[in-house]
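Nothing in this text is a laboratory measurement; each read-out follows from the coordinates by a stated rule. Everything numeric here is computed off the predicted structure, so don't read it as measured data. As a convention, Cβ positions derive from the backbone with ideal geometry for all residues, glycine included, and neighbour counts pool all protein chains shown.
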Amino acid sequence: MSPHNKSIPPALLAALLTMMMLSGACFAGFKQGDNLPDLASFQLEGKLPEELKGRVILLDFWASWCGPCKSSFPAMEELTKEFTGQGLTIIAISVDEKRENMEQFLKSAKVSFTVVRDAQHKLVAAADIRSMPTSFLIDRCGKIRFIHAGFDRDKTTREYVKEIEQLLREPKP
């Protein structure tokens, strides 16, 4: 490249853009009021619920090595039992590097809500997840309404119940 040519080689440009996106410098992540993107477009491992339109969604990012995540699973199972019939869907997104770690965790957790794995970390990068667990409550219209970073069994569960009840009371689209 001559000193007069100011263009950046495509490989270097791609590497710089990737680093910026992974660091969060380029993408701000999911925020309150944003529409939840189509989860199917992120090539997640596992089966997503077929119909999410008109449902309140608790989208939870977790990992098998995360202590607070372990205590969040029984709470999410209780929420599933209490609110699924009213319109709640819980989707737990594992960010585990190895599928075996997720599967081992799920053997002891025994949950009835949907669990998938973001093996390529595309959704984690888009959401700009910085702590485990991080969860998003999405209203019936697909808008992110509440965000939780971390999990405190009693406090977070109380907040989930209050927010889920509020979202379930809102009219369907």
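Quickly run through the stretch 83-109 and pick out the residues that are loosely packed, with under 14 Cβ neighbours inside 10 Å and touching a residue at least 12 places away in the same chain (Cβ under 8 Å). Break it down stepwise before answering.
Step one: filter the stretch 83-109 for residues loosely packed, with under 14 Cβ neighbours inside 10 Å, giving 85-86, 98-100, 104, 107-108.
Once the filter is applied, which keeps residues that are loosely packed, with under 14 Cβ neighbours inside 10 Å and touching a residue at least 12 places away in the same chain (Cβ under 8 Å), the stretch 83-109 yields Gln86, Arg99, Gln104.
Among (1) of a type in the set (D, E, K, R); (2) closer than 15 Å to Trp62 by Cβ; (3) surrounded by 15 or more Cβ atoms within 10 Å (Cβ to Cβ), there is one condition Arg153 misses while meeting the rest; what is its number?
(3)
Could you list, in sequence order, the residues of the stretch 104-155 that are more than 25 Å from Lys53 (Cα to Cα), of a type outside the set (Gly, Ala, Ser) and in a helix (DSSP H, G or I)?
Gln104, Phe105, Leu106, Lys107, Arg153, Asp154, Lys155
Please go through the stretch 42-61 and pick out each residue that is part of a loop (DSSP other than H, G, I, E, B) and either under 25 Å from Gln166 (Cβ atoms) or not charged (D, E, K, R) (or both).
Gln43, Leu44, Gly46, Leu48, Pro49, Glu51, Leu52, Lys53, Gly54, Arg55
Would you point out which residue out of Arg117, Arg140 is in contact with a Ser or Thr (Cβ under 9 Å, 6 or more places away or on another chain) and of a type in the set (Lys, Arg)? So that I can check it myself, show each step before the final result.
Details: Arg140 fails: in contact with a Ser or Thr (Cβ under 9 Å, 6 or more places away or on another chain).
After applying the criteria, what remains is Arg117.
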